Amino acid sequence: MAVTMCQVMGFVLGVIGVAGIIAATAMDMWSTEDLYDNPVTSVYSYAGLWRSCVRQSSGFTECRPYFTILGLPGLFQGVRALMIVGIVLGVIGVLIAIFALKCLRMGNMEDRVKATMTITSGAMFIVAGICAIAGVSIFANLIVTNFALTSFTSVGGFGGSFGSTGFVGSPLTPRYTFGAALFVGWVGGGILLVAGVMLCLACRGMMPEKHYDGTAYKAASIYRSEAKSKTYNESHRGQSMDGRHSTQRFDYV
């Protein structure tokens with residue numbers, strides 16, 4: 001019962017974690033404008049992995065997708081790749097975990113096969129969580145670097161346009177800070193790690209125990225002892241006076 005509960009909880013947490021990193025990847029608020037000590041508050045801008053948006057005080061929001069791939073910074077593309085890999089591994093892990101549930105019978109599938117599928121899905125969840133956490137952490141490091149640059153120099157941050165060497169902005173470029181998508185990605189990756197560990201622990205309880213049976217060896221020893229006893233009795237049969245064999249047996253002391 002405990003093994004089944006651990007497996008089901010790992011599966012549920014895996015589904016929640018995959019949904020979390022999918023939502024984080026699709027969100028636009030990876031970096032948001034820091035309004036602290038900013039004289040211009042009528043325009044609020046934020047950016048994600050796929051587009052940047054500007055929201056005015058009137059409520060009108062305009063988003064512009066990134067129409068380039070090669071023009072984006074290498075680390076930015078790496079964050080995209082890590083999040084996509086995490087989503088793909090997480091979805092595959094969820095599909096495998098569904099068929100590996102101990103409470104779900106799939107024909108004549110043995111417990112050993114389900115245990116192998118469970119540990120496979122657990123490993124995929126762990127790798128997916130690591131990819132998500134790594135991608136979000138790299139993007140957070142980019143925000144911290146650009147925040148420090150825009151605080152002390154006129155080098156632009158995430159509010160500028162993309163250039164060949166990164167983000168290029170004007171001296172009046174606003175500073176950007178962490179968005180809500182970063183926290184969603186961190187939480188989703190952490191939940192995936194916990195789900196993977198729980199599935200790996202459940203796999204140990206699902207493996208069938210090995211039993212060693214010594215019946216065949218015991219039967220062989222009994223057979224040999226009976227054969228030896230029969231030979232001994234045949235060789236010590238008494239003979240009659242006229243030379244014929246007698247069926248009478250004598251015990252020798």
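The values are calculated or read from the model by the stated rules, or taken from the named source; none is laboratory data. Please read all numbers here as calculations on a predicted model, not as lab measurements. No Cβ is skipped: glycine too gets one built from the backbone with ideal geometry, and neighbour counts run over all protein chains shown. Side chains included, ligands, DNA and RNA excluded: accessible areas come from the protein's heavy atoms. Shrake-Rupley method; radii C 1.70, N 1.55, O 1.52, S 1.80 Å.
I'd like the residue in the stretch 63-98 that is open to solvent by 40 Å² or more (accessible area, probe 1.4 Å) and touching a Lys or Arg at 6+ places or on another chain (Cβ under 8 Å) and, out of all such residues, is nearest to S45 (Cα to Cα).
Ranking the candidates gives C63 first.
Cβ-Cβ distance below 7 Å, separation of 6 or more or different chains: which pairs start in the stretch 122-146 with a residue that is within 25 Å of I92 (Cα to Cα) and part of a helix (DSSP H, G or I) and end on one that is of a type in the set (F, W, Y) and open to solvent by 50 Å² or more (accessible area, probe 1.4 Å)?
I133/W186; V136/W186
Can you find even one residue in the stretch 41-49 that is of a type in the set (F, W, Y) and either open to solvent by less than 70 Å² (accessible area, probe 1.4 Å) or in contact with a Ser or Thr (Cβ under 8 Å, 6 or more places away or on another chain) (or both)?
Yes, some residue in the stretch 41-49 is of a type in the set (F, W, Y) and either open to solvent by less than 70 Å² (accessible area, probe 1.4 Å) or in contact with a Ser or Thr (Cβ under 8 Å, 6 or more places away or on another chain) (or both).
Take V79 and decide whether it is touching a Leu at 6+ places or on another chain (Cβ under 8 Å) and either outside any loop (DSSP other than H, G, I, E, B) or under 28 Å from F125 (Cα atoms) (or both).
In short, yes.
How many residues does the stretch 181-226 contain that are at pLDDT 90 or above and among the aromatic types (F, W, Y)?
2
I need every pair where a residue in the stretch 71-97 that is closer than 14 Å to A24 by Cβ and touching a residue at least 24 places away in the same chain (Cβ under 8 Å) has its Cβ under 6 Å from the Cβ of a residue that is open to solvent by 40 Å² or more (accessible area, probe 1.4 Å) and part of a helix (DSSP H, G or I), sequence separation at least 6 or different chains.
Qualifying pairs under 6 Å: V79/I138; I87/I22.
Whether any residue in the stretch 26-35 is open to solvent by 20 Å² or more (accessible area, probe 1.4 Å), without any contact (Cβ under 8 Å) to a residue 12 or more places away in the chain and over 26 Å from A123 (Cα atoms) is what I want to check.
yes
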